[in-house]
Each structure stands twice: as C-alpha cells, then as structure tokens.
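One structure below.
Every number in this text was worked out from the coordinates using simple rules, so none of it is lab data. Being a predicted model, the structure only gives us computed values, none of them experimental. Glycine also receives a Cβ, built like all others from the backbone with ideal geometry; neighbour counts cover every protein chain displayed.
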Amino acid sequence: MSQETWNAVDRYIGDLFVGRDTALEAALEASAAAGLPSIAVVPHEGKLLMLLAQAIGARKILEIGTLGGYSTIWLARALPNEGQLITLEFDPNHADVARVNIARAGLASVVELRIGRALDTLPKIEAEGLGPFDLIFIDADKENYPEYLRWSLKLSRRGTLIVADNVVRDGKVVDGDSSDELVQGVRRFNELLAAEPRVSATALQTVGVKGYDGMAIALVIAGP
Ligand code: SAH
Ligand code: DHB
Ligand code: MG
C-alpha cells in the first residue's frame, strides 16, 4: 500500500459520502489563501465528527483547536438551532479566518470562538459554568493533550463523548524513547485515557491524504 493509494481512496470515500459542499470548500480555500497549514480533518473525518455528535444528540460541543473552522463547521452542523459550540484557538489570525468561514457556513449564531491559549481559556469556561459538554473534540497542540484530557473530564458528564485527533503520529506513538515532545504528549494522553476509570476508550489508525495518524474516542461512563 502506498500514499498514492491512500490518496485515491480518500478521494473515493469523499466523493461518495461527502460530495461537493460549498461552505466547506470555501473554508478550505480561504484557509489556504490566508496561509494556514492544511491540517484540518479530511472531509469524511469531519462527517464522522458530525455523525458522532448527531448520534448522541449533542447540544453543547467544545472544540480545542479551531484553525480555519473546518471541523468546527462539521460539528456545528450537528447542533439544533438552540445548540452551542465553543471553539478555542490560540492564533488570532487563524481565528479571523475561522470566523469568516463559520459565518459563511451560516453557523455564526451557534459557534462562539474564544481566542487564547486553551490552558488559559478552559479554566474560564469552567468558572463560567458553561459545562458539561456533550462532545469534546481535542485537536490543538499535542504537547498539552494530557492537560486537555484533564480539562475535558472536568467539563464532562456521564455520556459525554471525548474525541482526540492525531494520536498515532506516523506510528511514532509506539516509540517510548522518542525525543519528540509531540509524540510524548500523545503517548501520555493515550496512557492516561486507557487507565482512566471514568471513561471507556479506544483508538483507530487512519491513513489518507494527511498521511498516517489516528483518532481516539472515549465515552465518559462515570460522574453526574
Ligand atoms: N480542528 C481543526 C484543526 C486544528 S489544527 C480542523 O480539523 O479543522 C490545531 C490548531 O490548534 C491550530 O490552529 C493552532 O493554532 C491551535 N493551537 C495550538 N496551540 C494552541 C493552544 N495552546 N491553545 C489553543 N489553540 C492552540
Ligand atoms: C498537525 C496538527 C493536526 O491537528 C493535524 O491533524 C495534523 C498535523 C501538526 O501540528 O503538525
Ligand atoms: Mg488534527
């Protein structure tokens, strides 16, 4: 199997199960034009996020790591009119691009974008009593994934779904001796998640246009 095959299958799945989507395509085009890195989830992963949120009837979603709002748009589409998605982004330029993309997708009324380091904005979200969230998507700086898990659990209830992107990192995740802090952050996250008695969790490997990576999915099974 080669990267070429993975790319072709990504296109095949995307064409079949997602198809053309003006708002999402415009979001990617505007993100690229503004110089944002092309590291958004791929279309069929975005749809998976939407389907997971719909399956649990999510009304309140928290996203850590907005970029240009591509995954935000998918997740927000799962919400009812009175639903709410809070998305956290460190880079004000990314946030500017995301705001336009989210508005163009007609989702400005359900999405609230908060700028700042997530480890600074998460305590405020807790202090404001905005939790518990029904679904939490972790996709920001990998070094802080263990901390994001801690906050996600604080902002959860029994039945909350926690999803984390990029938990395989080209397979580097199996290297306990890796000097890469991103890899160590993800390793620690996976270990904490696996050992956490308040969740039942698993992880999937993914291949495609973004290379080789994976997603973890955890259901909170204890708590209020
Ligand atoms: N979820 C997006 C991709 C997010 S990429 C999608 O799939 O469409 C990761 C994002 O996290 C980047 O925009 C980066 O600026 C942001 N980020 C990095 N460190 C952060 C931090 N400490 N707090 C909040 N956001 C951060
Ligand atoms: C990177 C970040 C991501 O969220 C992703 O999905 C792929 C790559 C990165 O920082 O390299
Ligand atoms: Mg990611």
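Values for this structure:
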| quantity | calculated |
| --- | --- |
| Segment V209-L130, extension gain: residue separation times 0.36 nm, minus the distance between their alpha carbons | 24.9 nm |
| Three-way shape label, the chain, alpha-carbon gyration tensor, a/c 1.5 | rounded |
| Per-residue HN-Hα couplings for the stretch 195-206 [Karplus 6.51, -1.76, 1.60; θ = phi - 60°; Hz; x = Gly/Pro] | 8, 6, x, 7, 10, 10, 9, 8, 9, 10, 7, 10 |
| By average C-beta atoms within 10 angstrom, highest first, the peptides 18-31, 76-89 | 76-89, 18-31 |
| Aspartates and glutamates with Cα under 16 Å of K60, excluding same-chain neighbours fewer than 8 positions away | E82, E112, E126, E128, D134 |
| Under Karplus coefficients 6.51, -1.76 and 1.60, residue-wise ³J(HN,Hα) of the stretch 167-182 in Hz, glycine/proline x | 9, 10, 6, 6, x, 5, 4, 7, 8, x, 8, 4, 8, 7, 5, 5 |
| Nonlocal amide H pairs with T206, under 5 Å, H built at 1.01 Å | D213, G214, M215 |
| Residue exposure sequence - W6, W151, W74 - by fewest surrounding Cβ within 10 Å | W6, W151, W74 |
| Least to most buried among D134, D10, D139 (fewest other Cβ within 10 Å first) | D10, D134, D139 |
| Antiparallel DSSP beta bridges within the chain, as percent of all bridges there, nearest 5 | 45 |
| Under 27 Å from K172, Cα to Cα: lysines that are on another chain or at least 8 residues apart | K47, K142, K210 |
